[in-house]
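Engineer: Sharing a structure with you now.
Any read-out appearing in this document is the output of simple, stated calculations on the displayed coordinates, not a laboratory observation. Every value quoted in this text rests on a predicted model; they were computed, and no experiment measured them. Here Cβ is always computed from backbone atoms with ideal geometry, including for glycine, and neighbour counts include all displayed protein chains.
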Amino acid sequence: MTYPSVYPTGATIYNPEKCWSGYTIFQARELGALLIDMNGGEVNLWKGLHGFPNQLLPGGYVLGHTGLRNNAFGMQDQLDLVQVDWEGNIVWKFNQYEYIEDPGEEAQWMARQHHDYQREGNPVGYYVPGMEPVVDGGNTLLLCHKNVKNPDITDKNLLDDVIIEVDREGNIVWEWSCNEHFNEFEFSEAAKNILARDPNMRTAGGGMGDWMHINCMSKLGPNKWYDAGDERFHPENIAWCARESNILAIISKKTGEIVWKVGPDYDTSKELRELGWIIGPHHFHMIPRGLPGEGNMLIFDNGGWAGYGLPNPCSSKGRMNVLRDYSRVLEFDPKTLKIVWQYTPIEAGLVHPSDSNRFYSPFISGAQRLPNGNTLITEGSGGRLIEVTAEHEIVWEYISPYWGDKFKINMVYRAYRVPYEWVPQVDKPVETPIEPKDVAKFRMPGAAPLGPKKQTEVPGVKPYQGSTALCVAADDELDNLDK
Amino acid sequence: MINTLYTATGCTRCKIVKRFMEERDIPYTEKDMKAEGKEEFQQFYKANRKYIYRGENGIEFPVFTNGEAIYQGIGPAVAYLHFNGKLDEFFSIGVLHKEWVDGIYVSHGNPEYAGEFIEVLRFLKNNNLKLQVDTNGKNNHILRQILDEGLADIVIMNVLGPEELYSKILGEDINIDEVKKSIETAAKFPEVHFQTTVVPVVRQEGDSPEISYLAPEEVAEAAKLIEEVTESKKNPYLIKLFKTKEAKDKRLKAVGPLSAANLMPYRSKARAYQVFTEVEKA
């Protein structure tokens, strides 16, 4: 989170030998759906096409939205989900989830989609060998909003998360509503109390409680756990996580019941304590079969502020009662909850926790497992995309150069990497390595070069030490204290 | 005959029925199930549980019996005490609470007793109760009078199906114009909820009758009928599941039940004509 006022944007690191090279699709802030190559070359911009997120399909098709509901009445409600071809023609559209009549607005059907969707053929929306999303048919899962009343939760108007499945013709063939499973989430009494009083009220539409804020949704797909007889991991079951409640869950597609869950509390077992408190999470999904780590769960554990529970000095009422000012990308075993791989400030090479907020996105973000074992991480709030190896080396980095005019931030909600073959309209680009700059020597024109003009020796000075006597305990000292 | 009124302490509806009986010098014995009458009610309930409805929130009071028949709830009890059994088919057990009274079926009773029926509704309304009435389109003239006198606050209009199947589903001939008039009347109440139950229909009579559920397209036709009459696509419209065990025609009991998920295609089709269509949850 500590940025200089001047720094390069676009691609800043690229090691073709270690990367899983391809195109990257993301929503450039207030610009459109942008497809870039590994050198940051802008291959196609679908101008004005919204993306929450954008996904690319084989054949150069992009999924996105034609617009957003007026913020005065809705919370992140996309008007529709559309499939657009390389030239910008809409070849498929769904919007008939709810008929909306907002004051002063044209009455219309809306999908009210937000945060995620999945096209049949691929469980997670990113490249998996042998699991291509269907381009000219197939059903689509959408994460949508619906306003409901549920006195078991609160007497206030709730913004509920629903998952629907629509066929190619736009018929809704399956629906799941989160609020109907309130009693399965095991909220503490303290959490229920604050939820009843303040279910994360937002001002849109005269006030609505965005109580869970589910922000991702994907199928599990074929996996070893189900093959071994564990019905909780049926390939059709759906994984999601909720930013406000810190819950990660898997629901049964057949019954709608919660069949697997961690959170909302992370101090109730040894396994959960070792996993650590997951806060404001995003992009929780099972790594699909055919990719390294298949069967493990991958998540961007944002940190930031979230949760419901007892009031504390950081949360006078008990809402957003857990805090952490750095992020973690976790890959863990869904049965043992053991962390298999992670990318945290420590793996990023930062002094922890003193400098940990340099890897920190308190909202949005995601992580995609690539076929060579690398992970594409969207550190969303700062518009930073990095590809890291299993050994945590950054082999590609890109900073979005697009700041919004209306919302002055270069945030990237979620980026996806796709193979070159999915875009047959253009030739494979030239891959030009970008060596990481030595930042110590990197200077702006006019700035003085590194190094003193005169070096003066001072007799009797002692060598510098490590960090153990810093104002706050860090790194090795923390490890020793833990022991 | 000995009249017994089973009541519950603090039950406003019970007090209204008691006052009704006292004003008409109808002798009765009160048994408060939360006080001295607890054991007697338990025995009474045990012996008659098949006649006493117990919902999610318990048993609705008052429960009246003359030793021969049992009337549960304020509507059925007052209707019986006022007009003997003439109005039995107009009233049934309700599920609403506090000031709301439901279980009032405009279409089910004998239209010859419309005057008596209206009189009971007036009594309930004059006691500051809010009424929810149900209709399937039959007896529009009664519904019209209810509207004109402002007797009901909510009307549930059961549009049984498309025009060509209406009489078949109803089980008797009905002029579709009367149904249309009822839809038109219903839309003028302070609050109206249209609904259609996806029922099985005997398509072909015979030794081996052909029976199948209303199709999504047929329910869409019902939604279209509502649109045409009300000139609006924006009515609240609910598609409901058929409860097999409640079928009067034994042949329909044999039809396998639909699940809530089965209703999804119905919603998609109906939304072309009624955009706020929702489906009943299981």
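Engineer: Given the C-alpha centroids of the stretch B:66-107 and the stretch B:185-200, what is the distance between them in whole angstrom?
Structural biologist: So the separation of the two Cα centres works out to 21 Å.
Engineer: Contact order normalised by length for chain A, with contacts defined as Cα pairs under 8 Å and 6 or more residues apart; what percent is it?
Structural biologist: On the way: 1192 pairs, mean separation 75.3, N = 483.
It rounds to 16 percent for chain A.
Engineer: Something else about it: Which of the chymotrypsin sites (Phe, Trp or Tyr not before Pro) across the stretch A:154-186 are loop residues per DSSP, with 11 or fewer other Cβ within 10 Å?
Structural biologist: Counting only loop positions with at most 11 other Cβ atoms within 10 Å, none of the chymotrypsin sites (Phe, Trp or Tyr not before Pro) in the stretch A:154-186 qualifies.
Engineer: Sticking with this one: Could you size up the charge dipole of the protein assembly as shown around its Cα centre, putting +1 on the beta carbon of Lys and Arg and -1 on that of Asp and Glu, and report it in debye to the nearest 20? Each step should come with its number before you reach the end.
Structural biologist: Details: 83 positive and 108 negative charges, 262 e Å.
About 1260 debye.
Engineer: If neighbour count is taken as other Cβ atoms inside 10 Å, put A:ILE238, A:ILE434 in order from fewest to most.
Structural biologist: Sorted ascending by nearby Cβ count, the order is A:ILE434, A:ILE238.
Engineer: In addition: For B:LYS250, give me every one of the aspartates and glutamates with a C-alpha distance below 18 angstrom, ignoring sequence neighbours fewer than eight places off in its own chain.
Structural biologist: B:GLU172, B:GLU205, B:ASP207, B:GLU210
Engineer: Give the residue from A:ALA242, A:THR344, A:LEU450 lying farthest towards the positive end of the charge dipole for chain A; charges sit on Cβ (+1 for Lys and Arg, -1 for Asp and Glu) and the dipole is referred to the Cα centre.
Structural biologist: A:LEU450
Engineer: With the cut-off at 23 Å, tell me which of the pairs A:LYS253/B:LYS234; A:LYS270/A:LYS335; A:LYS254/A:LYS335 have Cα atoms farther apart than that.
Structural biologist: Values: A:LYS253/B:LYS234 31 Å; A:LYS270/A:LYS335 14 Å; A:LYS254/A:LYS335 21 Å.
Cα-Cα > 23 Å for A:LYS253/B:LYS234; rest within.
Engineer: Okay, next question. List, in the order given, every pair from B:LYS181/B:LYS281; B:LYS98/B:LYS240; A:LYS219/B:LYS233 whose Cα-Cα distance in the structure shown is over 32 Å.
Structural biologist: Working: B:LYS181/B:LYS281 30 Å; B:LYS98/B:LYS240 25 Å; A:LYS219/B:LYS233 35 Å.
Distance filter (> 32 Å) returns A:LYS219/B:LYS233.
Engineer: Test of understanding: given chain B, find the longest segment containing no GluC sites (Glu not before Pro) that are in a DSSP loop and have at most 15 other Cβ atoms within 10 Å. Each step should come with its number before you reach the end.
Structural biologist: On the way: sites that count: B:GLU36, B:GLU56, B:GLU68, B:GLU99, B:GLU149, B:GLU172, B:GLU205, B:GLU231, B:GLU280.
Longest site-free region, per DSSP loop and neighbour criteria: B:100-148.
Engineer: Mind checking the full-extension length gain between A:TRP174 and A:ASN312? Use 0.36 nm per residue of separation minus the Cα-Cα distance, one decimal, nm. Each step should come with its number before you reach the end.
Structural biologist: Details: separation 138, 0.36 × 138 = 49.68 nm, distance 4.10 nm.
That works out to 45.6 nm of additional length.
Engineer: Follow-up. Measure out, as a whole number of angstrom, how far apart the alpha-carbon centroids of the stretch A:275-303 and the stretch A:36-64 sit.
Structural biologist: 24 Å
Engineer: Let me ask something else about it. For the protein assembly as shown, what does the equivalent ellipsoid look like in terms of its semi-axes, each the square root of 5 times an eigenvalue of the Cα gyration tensor, given largest first in whole Å? Spell out each step's value before the answer.
Structural biologist: On the way: eigenvalues 774, 192, 101 Å².
One finds semi-axes of 62, 31, 23 Å for the protein assembly as shown.
Engineer: Once a ≥ b ≥ c are taken as the square roots of the eigenvalues of the Cα gyration tensor of the stretch A:12-431, is the result rounded (a/c under 1.5), prolate (a/b larger than b/c) or oblate (a/b not larger than b/c)?
Structural biologist: The shape class here is rounded.
Engineer: Specify the residue with the greatest mean-square fluctuation among B:LYS180, B:LYS234, B:LYS130, computed from a Gaussian network of chain B linking alpha-carbon atoms under 10 Å apart.
Structural biologist: Sorting by GNM fluctuation, first place goes to B:LYS234.
Engineer: Rounded to two decimal places and with Rh computed the Kirkwood way over Cα pairs, what is Rg over Rh for the stretch A:305-361? Before the final figure, lay out each step's value.
Structural biologist: Numbers: Rg = 14.1 Å, Rh = 13.0 Å.
Over the Cα atoms of the stretch A:305-361, Rg/Rh equals 1.09.
Engineer: Another question about this same structure. Work out the charge dipole of the protein assembly as shown with +1 on the Cβ of Lys and Arg and -1 on the Cβ of Asp and Glu about the Cα centre, then indicate which of A:ALA191, A:GLN83, B:VAL155 is farthest towards its positive end.
Structural biologist: Value: A:ALA191.
Engineer: Using label points projected 7 Å from each Cα along Cα→Cβ, tell me how many nm separate A:LYS437 and B:THR12, to one decimal.
Structural biologist: According to this spin-label approximation, the distance is 7.5 nm.
Engineer: Next question, about the same structure. With just the Cα atoms defining each centre, how far is the stretch B:151-178 from the stretch A:165-198? Give it in Å.
Structural biologist: 36 Å
Engineer: What lysines could a cross-link reach from A:LYS406, if we take a straight Cα to Cα line under 24 Å and drop same-chain neighbours fewer than 8 places away?
Structural biologist: A:LYS47
Engineer: Specify the residue with the greatest mean-square fluctuation among B:VAL219, B:VAL201, B:VAL133, computed from a Gaussian network of chain B linking alpha-carbon atoms under 10 Å apart.
Structural biologist: Its mean-square fluctuation being the largest, the pick is B:VAL201.
Engineer: Could you give the size of the charge dipole of the stretch A:12-431 about its Cα centre, using +1 on the Cβ of each K and R and -1 on the Cβ of each D and E, expressed in debye and rounded to the nearest 20? Present the calculation step by step, with values, prior to reporting the outcome.
Structural biologist: Numbers: 38 positive and 57 negative charges, 153 e Å.
For this selection, approximately 740 debye.
Engineer: Something else: State to the nearest 20 debye the size of the charge dipole of chain B about its Cα centre, where the only charges are +1 on K and R beta carbons and -1 on D and E beta carbons.
Structural biologist: Working: 38 positive and 43 negative charges, 192 e Å.
It works out to roughly 920 debye.
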